[in-house]
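Participant: Input: one structure, supplied below.
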Amino acid sequence: ELIPDWKSQDTPIKTPVVEDRLLMLTETGSVRTPEALLPACFKNHGNYVVSLGAVCRWLGQKAEELGVEIYPGFAAAEVLYNENGSVKGVATGDMGIGRDGKPTANHQVGMELHGKYTFFAEGCRGHLGKQLQNRFGLRDGVDPQVYGIGIKELWEVAPAVHKPGLVVHTAGWPLDAQTYGGSFLYHMEANLVAVGYVVGLAYTNPYLSPFEEFQRYKTHPVIRPFFEGGKRISYGARAITAGGIMSLPKLVFPGGCLVGDDAGFLNASRIKGTHTAIKSGMLAAEAAFEALQANRQSDELARYPEAFKDSWLFEELWRARNFKQWMAKGLHLGSAMVGIEQFLLGGKFPWTLHHRHEDHQMLKAASECTPIAYPKPDGKITFDRLSSVFLSNTAHEEDQPCHLTL
């Protein structure tokens, strides 16, 4: 939809999905779901395995060709408001602030960026998005948002085990049956494999470590052979929204809107949110274009949520609306009900389930739980946090202030 002739262009979208595998893992074995019984949310025919970073850089170039100015080195730090309370734009943070909070010799004052409409696309739990939701009451009357933490590594694997376009998802071990989570393993081009693990943040045992669970997952007899003889290239982690359509806030407010995972458009049943983020941005842009054509500014883009409800995006999220709620009931019952709803009923379950609790409310006291003994990393398949963060491509000035303030 966004770039209809993309196949005729030089793009980083080169590896079509050729095979889907959905595995239920036990500690020593696995059960594969027959392809004929795969729910639609686990079928990726027609999709491509890509580097999202490469795709974003390509889309950024396309935007710049249209005259868009991109400031990748600056983060929005503050929402700016007009006198009537509508959003006027954002201000970037000051650069060159020392550990003591005072300007250094490299100090640069942040910039104010004003717009007739401002779109907020910060990703999961964007700090400005949270402020806007509170200020304008955007979460009134909707379910609490629920979250997961996703941990990912990029590997260069042996050619003998590499199959470009192979997509593997798993559930079950190493997590217990009451803890939501699962893995993805995507075979890219050039002997590269992206592997990751998502753990829902409503887990009850405070001894549970999503990082360590991911490392354990790679030692499973079905998974380990993909990485033997390979080399880990990079590491990263990020939070994702998992509440789906029942947890979406009001999308618009005077002078702007929320798009992508700042709103919570990720489809948890597919562990995918790139296509939904792009579509939400397109719908918002079309609404803003209509408003500007009518010489409007700084009001609510009511056409955006209206267009969302008329789009395939709404239909996709509506069909998946009960996924996380079913899985919160445990792996076995949840998997059975997801199979019934998605495979037999095509997502047209007659009732809607709701999220009743914030994730943090599910955590038990340590005294009520059993400690988990995680194995030491071997430095070949499994690794510690320090060596992982070293590969995460993060850097900071030695004298900069701590970015976390309590």
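Participant: Given the options Gly110, Gly148, Gly115, Gly196, name the one that is of a type outside the set (D, E, K, R), at pLDDT below 95 and crowded, with 16+ Cβ neighbours inside 10 Å.
Facilitator: Details: Gly148 fails: at pLDDT below 95; Gly115 fails: at pLDDT below 95; Gly196 fails: at pLDDT below 95.
After ruling out the rest, the residue left standing is Gly110.
Participant: Give the residues of segment 258-280 that are out of contact with any strand residue (DSSP E or B) (no Cβ under 7 Å at 6 or more places or on another chain), outside any loop (DSSP other than H, G, I, E, B) and in contact (Cβ under 8 Å) with a residue 12 or more places away in the chain, sorted by residue number.
Facilitator: Here is the first cut: in segment 258-280, the residues out of contact with any strand residue (DSSP E or B) (no Cβ under 7 Å at 6 or more places or on another chain) are 260, 263, 265, 267-270, 272, 274-275, 277-280.
So of that shortlist, the ones also outside any loop (DSSP other than H, G, I, E, B) come out as 260, 267, 272, 274-275, 277-280.
Residues satisfying the conditions are Gly260, Asn267, Thr274, Ala277, Ile278, Lys279, Ser280.
Participant: Being of a type in the set (A, V, I, L, M, F, W, C) and either free of Cβ contacts under 8 Å to residues at least 12 places away in the same chain or assigned to a strand (DSSP E or B) (or both) is the filter here, so list the residues in segment 103-115 that pass it. Talk me through it step by step, then tell me what you get.
Facilitator: Pass one, segment 103-115, residues of a type in the set (A, V, I, L, M, F, W, C): 105, 109, 111, 113.
The answer is Ala105, Leu113.
Participant: Right, something else. Being surrounded by 13 or more Cβ atoms within 10 Å (Cβ to Cβ), of a type in the set (A, V, I, L, M) and free of Cβ contacts under 8 Å to residues at least 60 places away in the same chain is the filter here; which residues of segment 334-352 pass it?
Facilitator: First, pick out the residues of segment 334-352 that are surrounded by 13 or more Cβ atoms within 10 Å (Cβ to Cβ): 334-343, 347, 349.
After this cut, where a residue has to be of a type in the set (A, V, I, L, M) as well, the list is 336-338, 340.
Listed by number, the residues that qualify are Ala336, Met337, Ile340.
Participant: Would you list the strands (runs of 3 or more DSSP E) that sit entirely within segment 1-102 and hold 3 or more residues that are surrounded by 17 or more Cβ atoms within 10 Å (Cβ to Cβ) and in contact (Cβ under 8 Å) with a residue 40 or more places away in the chain?
Facilitator: 19-25
Participant: I've got another one for you. So, in segment 199-219, of the ones that are buried (at least 21 other Cβ atoms within 10 Å of the Cβ) and of a type in the set (D, E, K, R), which residue ends up farthest from Phe184 (Cα to Cα)?
Facilitator: Glu213
Participant: Look at Ala91 and say whether it is assigned by TED's automatic domain parsing to the domain that holds Gly256, farther than 22 Å from Thr241 by Cβ and at pLDDT 95 or above. Talk me through it step by step, then tell me what you get.
Facilitator: Values: assigned by TED's automatic domain parsing to the domain that holds Gly256: yes; farther than 22 Å from Thr241 by Cβ: yes; at pLDDT 95 or above: yes.
Here the answer is yes, as Ala91 does meet what is asked.
Participant: Look through His355, His360 and report the one residue that is under 22 Å from Val199 (Cβ atoms), at pLDDT 90 or above, of a type outside the set (D, E, K, R) and surrounded by fewer than 13 Cβ atoms within 10 Å (Cβ to Cβ).
Facilitator: His360
Participant: Out of all the residues in segment 261-297, which are among the aliphatic types (A, V, I, L, M) and within 11 Å of the chain's Cα centre (by Cα)?
Facilitator: Let us first name the residues in segment 261-297 that are among the aliphatic types (A, V, I, L, M), namely 263, 266, 268, 271, 277-278, 282-285, 287-288, 291-292, 294.
Correct list: Leu266, Ala268, Ile271, Ala277.
Participant: Let me ask something else about it. Take Glu315 and tell me if it is closer than 18 Å to Ile245 by Cβ, in contact with a helix residue (DSSP H, G or I) (Cβ under 9 Å, 6 or more places away or on another chain) and not hydrophobic (A, V, I, L, M, F, W, C).
Facilitator: Working: closer than 18 Å to Ile245 by Cβ: yes; in contact with a helix residue (DSSP H, G or I) (Cβ under 9 Å, 6 or more places away or on another chain): no; not hydrophobic (A, V, I, L, M, F, W, C): yes.
So Glu315 does not fit the description; no.
Participant: In segment 276-299, how many residues are loosely packed, with under 14 Cβ neighbours inside 10 Å and within 14 Å of Gly256 (Cβ to Cβ)?
Facilitator: Qualifying residue count for the region: 1.
Participant: Give Ser387, Ser335 a once-over and let me know the one that is over 30 Å from Arg270 (Cβ atoms) and part of a helix (DSSP H, G or I).
Facilitator: The match here is Ser387.
The values are calculated or read from the model by the stated rules, or taken from the named source; none is laboratory data. All figures in this text were calculated on a predicted structure; none of them were measured in a lab. Every residue, glycine among them, receives a Cβ derived from its backbone with ideal geometry; neighbour counts consider all protein chains shown.
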